[in-house]
Amino acid sequence: SEYMGWQHFLCGGFSGALGPIANCPLDVVKTRLQKQVVVEGITPKYTGMVQAVRLIAAEEGVFALWRGLQPRLMRIVPGQAITFMVFEKVSQFLMEMKKN
């Protein structure tokens with residue numbers, strides 16, 4: 001069955017959003033671990049991934065782990081949607097050319 005271009009566009013956008021949504025908490029924790037100032041003799045605020053996740057969720061709420069997600073989605077989703085739609089349409093075109 002053939003899908004319409006807009007259906008490929010929506011599928012590409014949806015799939016493009018899943019990666020950043022799943023990865024955002026790890027990115028937030030990674031950034032905080034990298035940006036903290038470590039002073040010799042003083043225990044840093046974040047000591048590891050699991051501890052940082054727990055501390056961020058406790059101090060700022062669970063949704064703080066997805067802070068900064070909106071700009072990433074605004075950048076990634078349209079590009080993925082367009083790429084997926086164009087890929088599918090070009091693939092269909094080439095398959096039709098091959099048949100003839």
(request) Work out the P(r) tail for the range 1-50: percent of alpha carbon pairs separated by more than 15 Å, whole number. (result) 63 percent
(message) Show me, bin by bin at 10 Å from 0, the whole-percent P(r) of the range 43-100 based on Cα pairs.
(response) 19, 24, 19, 16, 12, 9, 2, 0
(message) Please list, in order along the range 73-83, the HN-Hα scalar couplings obtained from phi with the Karplus expression 6.51 cos²θ - 1.76 cosθ + 1.60 (θ = phi - 60°), rounded to whole Hz, x for Gly and Pro.
(response) 5, 5, 8, 7, 4, x, x, 5, 4, 5, 4
(message) Need the full-extension length gain, Phe87 to Arg75, defined as separation in residues times 0.36 nm minus the C-alpha distance. One decimal, nm.
(response) 2.4 nm
(message) Just to make sure I understand: if all protein chains stay in place, what is the order of Lys98, Lys45 by accessible area at 1.4 Å, largest first?
(response) Lys98, Lys45
(request) Would you mind computing the Rg to Rh ratio of the range 10-89 from its alpha-carbon coordinates, Kirkwood style for Rh? (result) 1.16
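The values are calculated or read from the model by the stated rules, or taken from the named source; none is laboratory data. Predicted, not measured: the structure shown is a model, and the values here were computed from it. Accessible surface is based on the protein model in full, side chains and every heavy atom, while ligands, DNA and RNA are left aside. Shrake-Rupley method; radii C 1.70, N 1.55, O 1.52, S 1.80 Å.
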